[in-house]
Amino acid sequence: MDRLKGKTALVFGAGSSATEGGLSNGEAVALFFAREGAFVVCADMRGEAAESTCQKIKNEGGSAVAIACNVTRSDEVKAAIDHATAVSGRFDILHNNVGVEQLGGPVETEEEDWDRVHNVNLKSVFLACKHAIPVMEKQGGGSIINVSSTASIRWSGTPFIAYNSSKAAVNHVTRIVARQYAPKQIRCNAIIPGYMDTPHIRTLYKDLDPSAFADKMRERDAKCPMGRQGTSADVANAAVFLASDEASYITGQLLVVDGGWTI
């Protein structure tokens with residue numbers, strides 16, 4: 001407990017757009033940060049989604065505020081970081097969780113879809129780092145955590161080249177930022193989740209009949225060497241570690257959380 005006590009964390013993508021139950025990755029990270037004593041600023045495109053996560057934190061006795069933010073807009077990202085700093089007096093942890101997918105290989109993917117996916121998945125990380133790093137420099141350090149995907153490092157069996165490309169770029173941006181700002185004590189790491197049983201996945205397959213849905217989930221479980229998919233808690237636990245002082249000498253790492261799938 002209290003591994004993040006006294007720290008302020010900003011989680012972009014802290015809400016959930018899924019309609020099925022359970023915590024999204026962003027919700028879980030925000031909640032776990034708060035459980036470890038952090039003051040959490042919950043940011044999401046949908047203000048009501050951010051507020052929902054904020055209320056979950058408060059219901060457990062934690063401290064949080066909610067803010068609506070479009071992560072592809074520089075002014076809104078800067079405003080969110082300024083707000084996080086103003087309400088608590090400091091800014092320690094930046095967690096970039098926002099991401100979208102678009103099915104299709106290089107032939108099928110429309111140019112506007114390529115641009116949209118890269119704007120959300122990659123430009124958002126660039127903008128968040130652009131505005132967060134000067135604040136972290138002034139206070140002597142901080143932790144940046146970017147959420148990538150195993151699709152960034154291997155063929156997943158599904159063609160979505162814009163997603164593959166944008167997440168691969170997130171990995172390298174993570175390492176470059178880590179090296180450039182290591183002398184400033186600003187750490188930058190990425191979490192690479194594999195197959196996850198999350199509300200996003202359950203919503204994706206919600207129109208299947210119960211038998212077909214069960215088959216699909218068993219199929220996903222079977223692809224994982226450990227025999228099961230991960231959960232949002234697995235991602236959140238990794239994020240807590242990377243955000244904490246326990247990881248004070250860890251930077252530029254791509255932490256794969258996939259039960260061995262990419263081995």
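The values are calculated or read from the model by the stated rules, or taken from the named source; none is laboratory data. Every value quoted in this text rests on a predicted model; they were computed, and no experiment measured them. Cβ atoms come from the backbone with ideal geometry, glycine included; neighbour counts cover every protein chain shown.
Couple of notes before you dig in:
- Leading residue by the ranking (farthest from the chain's Cα centre (by Cα)) among those in segment 165-180 that are touching a residue at least 12 places away in the same chain (Cβ under 8 Å) and surrounded by fewer than 21 Cβ atoms within 10 Å (Cβ to Cβ): Arg179
- Qualifying residues in segment 41-82 (those that are assigned to a strand (DSSP E or B) and among the aliphatic types (A, V, I, L, M)) - the one surrounded by the fewest Cβ atoms within 10 Å (Cβ to Cβ): Ala68
- Looking only at segment 184-204, residues that are part of a helix (DSSP H, G or I) and either within 20 Å of Gly22 (Cα to Cα) or of a type in the set (A, V, I, L, M, F, W, C) (or both) come to 6 in all.
- Search result, residues across segment 231-247 that are under 15 Å from the mean Cα position of the chain (by Cα) and in contact (Cβ under 8 Å) with a residue 24 or more places away in the chain: Thr231, Ser232, Ala233, Asp234, Val235, Ala236, Asn237, Ala238, Ala239, Val240, Leu242, Ala243
- Every residue from segment 31-40 that is in contact (Cβ under 8 Å) with a residue 40 or more places away in the chain and either closer than 11 Å to Gly13 by Cα or in a helix (DSSP H, G or I) (or both): Leu31, Phe32, Phe33
- The listed residue being closer than 26 Å to Thr8 by Cα and either at pLDDT 95 or above or not small (Gly, Ala, Ser) (or both), out of Ala169, Ala236: Ala236
For (1) free of Cβ contacts under 8 Å to residues at least 40 places away in the same chain; (2) of a type in the set (A, V, I, L, M); (3) closer than 21 Å to Leu255 by Cα, each residue gets a yes or a no:
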site	(1), (2), (3)
Thr203	no, no, no
Met217	yes, yes, no
Asp221	yes, no, yes
Met226	yes, yes, yes
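- Checked against (1) touching a residue at least 40 places away in the same chain (Cβ under 8 Å); (2) not in a loop (DSSP other than H, G, I, E, B), Ile250 passes all but a single condition, namely (2).
- Residues in segment 91-119 that are part of a loop (DSSP other than H, G, I, E, B) and closer than 21 Å to Glu137 by Cβ: Phe91, Asp92.
- Close pairs (6 angstrom Cβ cut-off, 6 or more residues apart or separate chains): more than 19 Å from Asn97 (Cβ to Cβ) and without any contact (Cβ under 8 Å) to a residue 24 or more places away in the chain in segment 143-162, surrounded by fewer than 21 Cβ atoms within 10 Å (Cβ to Cβ) and among the hydroxyl-bearing types (Ser, Thr, Tyr) anywhere: none
- Screening Ser88 on (1) buried (at least 18 other Cβ atoms within 10 Å of the Cβ); (2) modelled with pLDDT of 95 or more; (3) within 19 Å of Gly141 (Cα to Cα) shows it passes everything except condition (2).
- For Gly227: the one exception among (1) loosely packed, with under 12 Cβ neighbours inside 10 Å; (2) in a helix (DSSP H, G or I); (3) not aliphatic (A, V, I, L, M): (2)
- Residue satisfying condition, being part of a helix (DSSP H, G or I), at pLDDT below 95, surrounded by fewer than 15 Cβ atoms within 10 Å (Cβ to Cβ) and charged (D, E, K, R), within set Asp207, Asp215: Asp215
- Arg187 being in contact (Cβ under 8 Å) with a residue 40 or more places away in the chain, within 30 Å of Phe91 (Cβ to Cβ) and touching a Ser or Thr at 6+ places or on another chain (Cβ under 6 Å): yes
- Some residue of segment 139-149 being buried (at least 22 other Cβ atoms within 10 Å of the Cβ) and over 24 Å from Ser74 (Cβ atoms): yes
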